[in-house]
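Participant: Can you keep this structure in mind? I'll have questions shortly.
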Amino acid sequence: MTMAANARPSGPLAGVRVIDLTQFVLGPYATQTLGDLGADVIKIEEPSGDRQRRSGKAPNSPTMGPLYVALNRNKRSVALDLKTEPGRRALRRLVARADVFIHNMRPEAVARLGFSYAEVAGLKADIIYVEAMGYDPAGPYAGRQAFDDLIQAASGACGLGELVEASAPLRPMPSIIADKTCGLFAVIATLAALRHRDLSGEGQYVAVPMLETFTGFIMAEHLYGETFIPPTGHFGHTTTITPHRRPYRTKDGWLVVLPVGPKAAARFMELGGLPGAYESERFASKASGAERVAEYYAMMDDAAAAHTTAEWMDLCAANSIPAMRANRAAEIFDDPQLRETLFEERQLEGEGTYRAMRPGLRFSKTPVGIRRDPPPIGRHTDEVLAEAAAVEARALMR
């Protein structure tokens, strides 16, 4: 595939230009999503590059690590030293023809560089200025540093395990989930602000405070009985926190089964060699409801072991029983659905073949995809600055 074809404008945000001063995970994930949707994302990096470039090992370059590669497709890299006046002057030229300016620097740091909202809006009055921060400035945590683990801690996410098992230790979920969730909310906020600008011509300042945004997301179902004052029940969504919410072991792997009602459950157990499970002595002999629930899951365990995961996938599909193979992390490459729809092998400049994950969204009129592979540091500096100069020259000739 040629570069020209690879970079062809596409997606519903084609024509929107984003100036991206983000690092770590939240911001790059947000701007990658905007790029996937068709925006022209200009990634502004210091000459040494985004810090995440050195996270993990690449085949050849120390600045093309796997985390950087996973978060920076569909972007152009411009290397500028914003501690110097030439670097700041170049950025001001780019801001003047942008639609969105997004950063996750601390407010005082971005202000020192001369790119606070007031200063950026002075360059482009209708700019959408998106600032991701740790905490809402109205609260006592304002100005504190924020990282994914810190946000998971304060949001209650570290304590979700206790809702399943009282003795479970407090620990973050094994995903950079606060950053990625807030990154998606930054995208939502950007799209909403662009819509407002389309209707009114007005730009605006948009804040994405991580703690408030992530707590609202992770606790939407878990306030549960604490939703009302006084409480009407316990904290934690009952179906979500049951210890029985787990995969079943098959002959060769794991399967998640969610039978819709007793009839479907009985059919699953029958397919697994336990006909008439609800009428059987092992179930009917249980005196209490809790004992019968425990026996139900024991029978489901026994039934699941009767077939391989692939056999169960076919059997459950044929019998309209909701089920899905449960993959270990390294098994996702062998999942027939993901192999067909998500993963794509591509060539990365200087590094050889890499495994890319395509955008999951589908648009019938404005298709999305990977137009640009993650770029080396400053790959597009000359190109982008030349475009800005050409626009300025045309403006002067009018």
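Participant: Looking at T308, T239, T250, which is the one that is touching a residue at least 60 places away in the same chain (Cβ under 8 Å) and of a type in the set (V, I, T)?
Facilitator: Exactly one residue qualifies, and that residue is T250.
Participant: Within the stretch 206-239, track down each residue that is over 23 Å from the mean Cα position of the chain (by Cα) and of a type in the set (S, T, Y).
Facilitator: Selection gives Y224, T227, T232, T238, T239.
Participant: Then there's this: Restricting to the stretch 42-79, give me the number of residues that are among the basic types (K, R) and under 18 Å from V18 (Cα atoms).
Facilitator: Selection size over the stretch 42-79: 4.
Participant: Among the residues of the stretch 257-269, are any farther than 30 Å from D126 by Cβ, of a type outside the set (A, V, I, L, M) and in the same structural domain as L184 (by TED's automatic domain parsing)?
Facilitator: no
Participant: Collect the residues in the stretch 237-287 that are within 30 Å of G159 (Cβ to Cβ) and either in a loop (DSSP other than H, G, I, E, B) or of a type in the set (F, W, Y) (or both), keeping them in residue-number order.
Facilitator: Within the stretch 237-287, H237, T242, P243, H244, R245, R246, P247, Y248, W254, L258 qualify.
Participant: So which of H234, H222 ends up being more than 30 Å from P137 (Cα to Cα) and assigned to a loop (DSSP other than H, G, I, E, B)?
Facilitator: Every option except H234 fails the conditions.
Participant: Given the conditions (1) surrounded by fewer than 18 Cβ atoms within 10 Å (Cβ to Cβ); (2) over 23 Å from L34 (Cα atoms); (3) among the small types (G, A, S), report the number of the one that A323 does not fulfil.
Facilitator: Every listed condition holds for A323 apart from (1).
Participant: Within the bounds of the stretch 347-362, is there any residue that is of a type in the set (G, A, S), farther than 22 Å from G35 by Cβ and either under 25 Å from the mean Cα position of the chain (by Cα) or at pLDDT 95 or above (or both)?
Facilitator: Yes: one or more hits.
Participant: Here's something else I'd like to know. Which ones in the stretch 53-95 are of a type in the set (A, V, I, L, M) and in a loop (DSSP other than H, G, I, E, B)?
Facilitator: A58, M64, L80, L82
Participant: Taking the stretch 180-205 only, how many residues are more than 17 Å from the chain's Cα centre (by Cα) and among the basic types (K, R)?
Facilitator: 2
Participant: Identify all residues within the stretch 9-46 that are within 21 Å of D198 (Cβ to Cβ), of a type outside the set (D, E) and part of a helix (DSSP H, G or I); write none if there are none.
Facilitator: A30, T31, T33, L34, G35 - these are the residues of the stretch 9-46 that are within 21 Å of D198 (Cβ to Cβ), of a type outside the set (D, E) and part of a helix (DSSP H, G or I).
Participant: Going through D36, D20, D81 one at a time, which residue ends up being out of contact with any strand residue (DSSP E or B) (no Cβ under 7 Å at 6 or more places or on another chain), acidic (D, E), under 24 Å from V368 (Cα atoms) and in the same structural domain as R197 (by TED's automatic domain parsing)?
Facilitator: Of D36, D20, D81, the one residue that is out of contact with any strand residue (DSSP E or B) (no Cβ under 7 Å at 6 or more places or on another chain), acidic (D, E), under 24 Å from V368 (Cα atoms) and in the same structural domain as R197 (by TED's automatic domain parsing) is D36.
Participant: Which of the numbered conditions does D99 fail, given that it passes all the others? Conditions: (1) acidic (D, E); (2) buried (at least 24 other Cβ atoms within 10 Å of the Cβ); (3) closer than 27 Å to T366 by Cβ.
Facilitator: (2)
Listed here are the residues, each with its yes/no results for (1) buried (at least 16 other Cβ atoms within 10 Å of the Cβ); (2) farther than 27 Å from A318 by Cα.
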residue: Y224; (1), (2): yes, yes
residue: R246; (1), (2): no, no
residue: R267; (1), (2): yes, no
residue: S280; (1), (2): no, no
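Participant: Right, another one. From the set of residues in the stretch 332-351 that are under 28 Å from S175 (Cβ atoms) and in contact (Cβ under 8 Å) with a residue 24 or more places away in the chain, which is surrounded by the fewest Cβ atoms within 10 Å (Cβ to Cβ)?
Facilitator: E344
Participant: If a residue must be in the same structural domain as Y117 (by TED's automatic domain parsing) and either in contact with a strand residue (DSSP E or B) (Cβ under 6 Å, 6 or more places away or on another chain) or of a type in the set (S, T, N, Q) (or both), how many such residues does the stretch 195-231 contain?
Facilitator: Of the residues in that region, 10 qualify.
Participant: Looking at (1) closer than 28 Å to P59 by Cα; (2) touching a residue at least 24 places away in the same chain (Cβ under 8 Å), which one does L385 not meet, given that it meets all the others?
Facilitator: (1)
Participant: Would it be correct to say that A303 is at pLDDT below 95 and either of a type in the set (A, V, I, L, M, F, W, C) or assigned to a helix (DSSP H, G or I) (or both)?
Facilitator: no
Participant: Pick from the stretch 46-67 the residues that are at pLDDT 95 or above and surrounded by 23 or more Cβ atoms within 10 Å (Cβ to Cβ): which of them is farthest from R112 (Cα to Cα)?
Facilitator: M64
The values are calculated or read from the model by the stated rules, or taken from the named source; none is laboratory data. Bear in mind the structure is a predicted one, so any value in this text is a computation, not a measurement. With ideal geometry, Cβ positions are generated from the backbone for all residues, glycine too; neighbour counts draw on all protein chains shown.
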